[in-house]
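Presented below is the structure to which this report refers.
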Amino acid sequence: MVFNIGIDLGTTNSAMAVYDDESESVQMVENFSGDPTTPSVVQVLEDDVIVGKDALANQERYPDRTLARTKRDMGSDTTYEIDGTEYPPQRVAGYILQKLKEDAEESEFGDDVDGAVITVPYYFGGSARQATEDAGTKFADLSVFRLMNEPTAACYAYGYQEESDETLFVYDLGGGTFDATLVEVTEDEIDVIDSNGDDELGGENFDDELYEFAREELIDRGASDPNESKHTKATLREKVKETKEQLSGREDAAIAYQADDFYEVELSRSEFHDLTQDLVDKTISLTEELFDDGDYEVDDIDNVLLVGGSTRMHHVQDAVEEFFGMEPSTDTNPDQVVAKGAALEAAQYDPEGGNLPTQSITDILSHSLGVETHNDDGPNQFDPILEKGADLPNRETKPYGNPDETEQNLIVNVIQGEADEANHEDNEELGRFVLEDVPGDTKLNVEFYVKEDATLDVTAEAENRDIEGGINISDGIGLTQEEAGRIKEETQDYTSKAVQRREADAETDD
Ligand code: AMP
């Protein structure tokens with residue numbers, strides 16, 4: 001049987017879910033080991049690629065061959081080199097998606113995954129979104145129906161479950177990103193009102209603080225600096241993460257570290273909170289900004305949803321409760337609700353889908369989109385065509401002129417961000433195209449069409465002249481078809497190895 005899945009492709013863990021027609025409910029799809037989540041860790045060995053729990057378990061053994069937390073680099077130029085081969089983040093994500101797809105195909109829900117809806121942080125920009133789509137389509141042989149923002153997916157799953165009209169606040173703190181989102185949920189609609197966030201703030205930052213604390217403590221006690229080798233660094237990092245997670249369940253814990261000697265760095269929950277309270281405060285400031293424009297008051301919020309593994313930390317829960325003056329909802333599982341929302345959306349693409357949920361979704365644009373404009377008196381400017389917060393999908397056209405009197409080639413440089421100066425470090429160039437031989441007095445109409453999943457088409461046309469050009473933003477970023485083709489061949493090689501290994505395991509089990 002062919003079926004569709006929803007995938008939460010997380011920084012630390014990934015999860016998948018399916019809408020089950022028979023039971024008319026959303027179910028988590030367990031991986032091959034029987035777990036509802038799969039660590040987003042990839043290990044490139046000499047003759048094999050390992051993904052998930054086994055890769056995580058062996059990361060201290062193979063620190064140079066282990067790729068973790070790569071979601072943070074999605075859409076950037078970063079690549080990781082192993083045995084002389086370059087691995088861009090979308091390729092790493094491709095391995096994870098491929099493993100999820102294979103595991104889903106072994107599950108009780110069907111034999112063949114037709115396609116998927118993949119979630120991304122609301123705050124992901126255009127290139128990170130495109131890289132995520134490439135990971136599915138170019139590397140994992142997976143049709144990606146659409147990308148969906150994580151908080152929106154969470155609300156979709158919540159709205160489906162609760163069936164009530166509410167103004168929700170979604171506090172989503174995962175491994176690598178933070179999103180704060182205001183959403184109106186009615187019986188018919190999920191309407192995203194506003195969102196704010198930081199794509200470099202998550203559980204990993206808490207680990208960083210705790211790592212530095214432990215490192216100093218260990219050096220004080222006479223241990224050699226854990227930063228001196230990749231192996232000890234990976235060991236301490238993993239121990240620190242374990243201890244952080246333990247402190248959500250108990251008042252005291254110890255970071256057990258074995259290197260030249262055995263050490264135990266004891267730590268209380270309140271000490272951990274002191275070390276990391278600044279990070280929590282930062283999330284509350286970003287939350288507060290959502291209420292700055294006065295359209296919504298904190299009192300308008302009917303319910304607060306916690307999403308992401310990092311919301312298990314007590315000082316996070318306390319800060320959210322204090323800010324909103326109410327206890328967050330406990331009706332949803334923070335590790336599963338995003339994948340479940342994506343599964344509901346994926347079910348919409350199932351031609352045989354029976355009793356599907358009927359809420360429509362109105363999402364919004366997370367960053368302004370526009371073009372670079374020429375400026376005689378200073379640096380070139382960013383001219384937004386679609387503003388941050390605009391409803392999706394959306395289409396807007398703006399006229400521009402050739403800044404010069406003479407005929408010339410004009411570059412349309414597509415930019416995303418909020419800074420006035422086009423080439424400001426806070427802005428991102430998404431792509432560019434050239435219109436050739438544009439006469440001096442020509443009016444150009446530049447159209448931006450941003451689809452419901454925030455991917456973008458830009459076209460420019462000269463009025464009354466036969467000059468036009470355009471770009472689907474995927475053409476300008478990510479990998480060339482040739483690169484993707486070559487890498488995909490190697491990826492398929494990995495599939496066959498993974499399948500062989502699985503078959504061999506099955507034979508041994510028999
Ligand atoms: P997610 O991306 O939603 O899977 O969140 C992963 C992040 O949640 C990682 O940084 C984990 O260390 C963190 N996390 C998971 N469980 C806990 C816990 N019990 N206490 C604190 N942090 C946790």
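Taken over region 214-229, the criterion of being away from the ligand (no atom under 16 Å from the Cβ) and surrounded by 14 or more Cβ atoms within 10 Å (Cβ to Cβ) is satisfied by Arg215, Glu217, Leu218, Ala223, Pro226. Every test in (1) farther than 23 Å from Lys340 by Cβ; (2) of a type outside the set (Ser, Thr, Tyr); (3) touching a strand residue (DSSP E or B) at 6+ places or on another chain (Cβ under 8 Å) is passed by Arg72 save one, and that test is (3). All of Val412, Val371 fail the test of being farther than 30 Å from Thr311 by Cα and over 26 Å from the mean Cα position of the chain (by Cα), apart from Val412. Inside region 184-200, residues that are in contact with a Ser or Thr (Cβ under 7 Å, 6 or more places away or on another chain) and of a type in the set (A, V, I, L, M, F, W, C) make up a count of 2. Evaluating Ile7 against the criteria (1) assigned to a loop (DSSP other than H, G, I, E, B); (2) within 16 Å of the ligand (Cβ to nearest atom) leaves one unmet condition, (1). Just for strands (runs of 3 or more DSSP E) wholly inside region 160-206: which have at least 2 residues that are on the phi < 0 side of the Ramachandran plot and surrounded by fewer than 19 Cβ atoms within 10 Å (Cβ to Cβ)? So the answer is 166-173, 189-198. Scanning region 27-62 for residues that are within 20 Å of Glu242 (Cα to Cα) and surrounded by fewer than 18 Cβ atoms within 10 Å (Cβ to Cβ) returns Asp35, Pro36, Lys53, Asp54, Ala57, Asn58, Arg61, Tyr62. Candidates in region 13-36 are the residues that are among the hydroxyl-bearing types (Ser, Thr, Tyr) and touching a strand residue (DSSP E or B) at 6+ places or on another chain (Cβ under 7 Å); of these, the one that is nearest to the ligand (Cβ to nearest atom) is Ser14.
If I go through region 7-26 residue by residue, how many of them are among the charged types (D, E, K, R) and buried (at least 24 other Cβ atoms within 10 Å of the Cβ)?
So the answer is 1.
Checked against the criterion of being within 20 Å of Gly94 (Cα to Cα), at pLDDT 95 or above and assigned to a loop (DSSP other than H, G, I, E, B), the candidates Glu46, Glu30 yield just one match: Glu30. For region 86-116: of the residues being in contact (Cβ under 8 Å) with a residue 12 or more places away in the chain and more than 20 Å from Gly52 (Cα to Cα), which is nearest to the chain's Cα centre (by Cα)? Among those residues, the one meeting the criterion is Gly115. Identification of strands (runs of 3 or more DSSP E) wholly contained in region 78-129 with 1 or more residues that are crowded, with 24+ Cβ neighbours inside 10 Å yields 112-120.
Of the residues making up region 55-66, none is in a strand (DSSP E or B), under 19 Å from Ile118 (Cβ atoms) and touching a residue at least 60 places away in the same chain (Cβ under 8 Å).
The values are calculated or read from the model by the stated rules, or taken from the named source; none is laboratory data. No experiment lies behind these values; they were computed from the predicted model shown. Virtual Cβ from ideal backbone geometry, glycine too; neighbours counted across all protein chains shown.
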